[in-house]
Each structure stands twice: as C-alpha cells, then as structure tokens.
C-alpha cells in the first residue's frame, strides 16, 4: 500500500488492492468509449525532487498538487484531471506510458522536475501525448518563490493551448492576473502552506493537528493566501467530527468558520472553502439550508470535487431525503471511478449508510463487504456492518464487527460506544456497563461527545440518563446528534416527548 489515512480509522487514501481493482476495471474500457463523452483526460505525475533528500518531498509533492488544482480549473466538465492521491501512486513506479494509458485512461501526462535553492525555484515541465508518446511541449522556468503562482499559471496556460481548451472569460482573466504577478506569495508562508498540505493528506489525528500548526504559520506570514485559510478551515472542521472527535465543537468549529469566511473573502471560487463552511453549517450550526447552498456552490465551481458530493449526500441522509442522497452517491461513484479511486471505499461506506438508514440492513452489510474487499481496515465499514447486524438480531456478528483487529479501546470513542450498545442489546449488561465507565474515564483525558454516553445509557434502558446526556450533547453541539431523526436504533424512543423536544431544538422536527 502507499500513503494512507489510518489502518484503523479507515483509509482516505487507497490501498494498493483498491487501486488495482480500479485499474482492472479501466482495462475493459475501450478507446472508443473513452472518447464518447468528449472529455480530455490528463494526469499530472508527481514532480521529481531534485534537492538533496526526501525531507524536501513535501515541496515537490505540494507543487504537484498545486498544479493539479490549477489545471482542474481550466475547463471543468471537459477536462478530467486525475486526482492528486491517485497520481501519487506513480511516484516511485517507473511505469511505461502504455501502461498508464491502460490503467488511467489518460490522453496526456504532465511530468516535471523541481529544484529549490533558498528563495529560487526551478521547474522543468513536459507535456506528453500518451497515444504516440509525442512530447508536445517542454519548458524550464526559474523564478523567485514569491512568483510561484505566476509560474503555475504559465504552465496551465501552455497546457490549455496545447490540448485546445477554450477558457471561459473568468478563468482566462484569473490566469492573466496570476501571470502579471497579481497574487505573489510570501516565500516562508507558502513553504509552511505546502508542509500543511503534506500533513493534512495523511489524515491521521496527529497529522491533522500538525497541519493546523503549519496552516496557522502560513496565514500569519501571508494573510491574503486564500488556499491556506481554506485548508485551515478544513483541518479544524475535521477534528471536531467523527471519527476523529479530537476537539470539542465549540473550540474547533468557530475557528473553522472564521478561516473559511476569510478564504472566501479573498477568493470565493475555491470549492474547498465553500465545502468547509458548509461543514460548519451542517455539523455545528445545524443550518441545513445554508449547508446545502454551500455544498452546491462547491459542486457548481468544480463538478468533479468528490468531497463536496460526499458531504452533501450525508446532509441529505440527515434530512431524510434518501432518494436525492442516493442520486448524489451514484454521481460521486462516477467521479471517483473516473479520476479519484482513493475515495471508492468512502463511497461504499456512504452507500452502506444509506441502506442502513433506509432499514435495508442486508443490503447495508453487502455494500460494506464490497468496501472491505478493497480496504479490510476501514473503520466506517466495520461500524456500519455492526449497526446493521445488531438490527438484524445477529448480535454476535455485530459485536465481532465492532471489535476490528488492531484498534485499542479508547482510540475511536464512537466505536467503543457502538460496541457497548451492541453488548447491551445482546443482554451483556455487565460488558456494556464496563464500556460506559471506560468512556467516562477516557473523557477525563480527551474529548468524548456526550452523544456516546446517551447512546450507551439508552442501550442499558436508562432513558432518563440517556435524555440527560443527549441534552448535554445538544449544548455542546455534538456531531452525533445529527442522526436523531433518522437512526433506526432510536425508533423505539423517538415518540417520547423529551426526545421530540430534542429533535425540534436541532431543527429536524419535520
């Protein structure tokens, strides 16, 4: 496998088997089929680091991602750019172009080399047509690091010309402004920004926290760099929601909101910033309309931006709009199959969640099993299978799924709470009570959402305590409350007056 999120939390980055499955599916796509949609497919291969050691990889990897972002904006809808993390699969693999075409279905590849010396950067870039392995264009650029965005715009403009893209007026204006030096960066700030992106891609709790440190350093050095603010917003939002649950929402979400709004003040065309702000509305303010508007705006800006599609589908599920959610999930599947296979497991997990909420438990299990074939350690797949098995009265299987190998107790509080609930449903009250006490002890060391205590007390039949903890969760705006109106586990108590009052407070009464 290559760089991935977390063996235990579930990979955001694909396992090699996941990529292999996707590559195999690509081999059955004929060249004629590839051209039927009229799209052009391009891969930006990881830029080679010509500096002394691997400690500079963050810089070359970061510039690769930045180029992908720039090129993706050229003509959305017609140009498909292979996502960063799929492209990184080729970093240490010298595969022939014929194999890349077979695996990725691309028409062109951009290859490059990067060397940095103090505040100067040199990039050599080549655009190659894969079909006949013709080099269409090559150029070497050397600039001050402060002019790196102008350099990226020059490369993007050259690519657009070579592959005959027609740029819309706003995109042409944006590139021209960058080329004229309209958005110079602070060298130290930009360096911190690339380090932050490098850590954020690891998607581990510790690495996300590290990314925040570098994002904050980046915005201190360059307060007008919009992508640094949007990255900071994403990082803070992620730490406040499941499965990470690392920071209380009242600590993390206001910071995420402020960073997202600042990013949009500087550049309202960034899908990540709109998505981050939508996450805050969705998971913290419970402003469903504003969240939906934000996700849809991100998708409008980049219809292939998979994170916005996935988060939007979860919002639709929260609101009980299952048919729309399924449509959004299927659209996301098309996107990830085409350009971003690292998210295939996340799509399986979302599909399993949709089946679970629709009370189609057998289908939820089957969908989760498909995902586990690609990544056997994906946390959310085990979680969804455990919940589904519990509602199928297959308690032994539920408990087994909620105790995946290699995950120590306390690492994922949501999993511990779900396991305790499954034990309670199975009549193992002593084990459930032990889980409850263990969570209380854990809460003295780190944040544990009050929702999880309400879940366990409910499983133990103490409805009074369950409601009290859910009231606390409402005060802290805990992430898990979003599901009160739709989670099948709560069907038995949903009509209680106290419960209906809670649902109303969250804004889900309808």
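Laboratory data are not the source of any read-out in this text; all were calculated from the coordinates shown. Predicted model only: the values in this text are computed from it and were never measured. Cβ placement follows ideal geometry from the backbone for every residue including glycine, while neighbour counts extend to all protein chains displayed.
When 285, 201 are ordered from fewest to most other Cβ atoms inside 10 Å of their Cβ, what list results?
285, 201
List the relative contact order of the range 186-291 as a percent without decimals, with contacts defined as Cα pairs under 8 Å and 6+ residues apart.
This gives 22 percent for the range 186-291.
Can you tell me what the convex hull of the Cα atoms of the range 324-427 projects to on average, as an area in nm²?
6.6
Report the Cα-based extents of the chain along its three principal axes, largest first, to the nearest Å.
The principal-axis extents, from largest down, are 70, 49, 43 Å.
As I understand it, the value is the acute angle between the Cα axis of helix 450-459 and the longest principal axis of the Cα atoms of the chain; what does it come to in degrees, rounded to 10?
Between helix and principal axis, roughly 40 degrees.
Which angle between 0 and 90 degrees, to the nearest 10, do you get for helix 57-72 versus the longest principal axis of the chain when only C-alpha atoms count?
90
Taking a spot 7 Å from the Cα of residue 429 along the direction of its beta carbon, which residues of the range 459-492 have an amide N less than 14 Å from it?
459-463
Can you tell me the length gained on complete extension of the stretch residue 118 to residue 409, counting 0.36 nm per residue apart and subtracting the Cα distance?
Working: separation 291, 0.36 × 291 = 104.76 nm, distance 4.62 nm.
Taking residue 118 through residue 409 to full extension adds about 100.1 nm, to one decimal.
Can you tell me, using C-alpha contacts under 8 Å and at least 6 residues apart, the relative contact order of the range 428-510 as a whole percent?
23
Can you tell me the length gained on complete extension of the stretch residue 224 to residue 140, counting 0.36 nm per residue apart and subtracting the Cα distance?
Extra length available between residue 224 and residue 140 comes to 27.4 nm.
For the chain, what relative contact order do you get, as a whole percent, if you take Cα pairs closer than 8 Å and at least 6 residues apart?
Averaging sequence separation for qualifying contacts and normalising by length gives 12 percent for the chain.
Regarding the range 428-510, what's the average projected area of the Cα-atom convex hull, expressed in nm²?
On the way: hull surface 21.4 nm².
One quarter of the hull surface, i.e. the mean projection, equals 5.3 nm².
So what's the convex hull volume per residue for the Cα atoms of the range 186-291, in Å³?
82
Given the chain, what percent of its DSSP beta bridges are antiparallel, to the nearest 5? Please list the in-between numbers first.
Values: 20 of 28 bridges.
Among the beta bridges of the chain, antiparallel pairing accounts for roughly 70 percent.
Tell me the Rg and the Dmax, in Å, that the Cα atoms of the range 39-184 produce.
Final numbers for Rg and Dmax: 14.7, 42 Å.
For q values of 0.21, 0.27, 0.28 Å⁻¹, compute log₁₀ I(q)/I(0) with the Debye formula on a Cα-only model of the range 180-240, without solvent.
Values returned for q = 0.21, 0.27, 0.28 Å⁻¹ are -0.69, -1.02, -1.08.
Helix 288-301: angle to the longest alpha-carbon principal axis of the chain, degrees 0 to 90, nearest 10?
20
Using the basic label-point model (7 angstrom from Cα toward the beta carbon), what is the residue 56 to residue 95 distance in nanometres?
2.8
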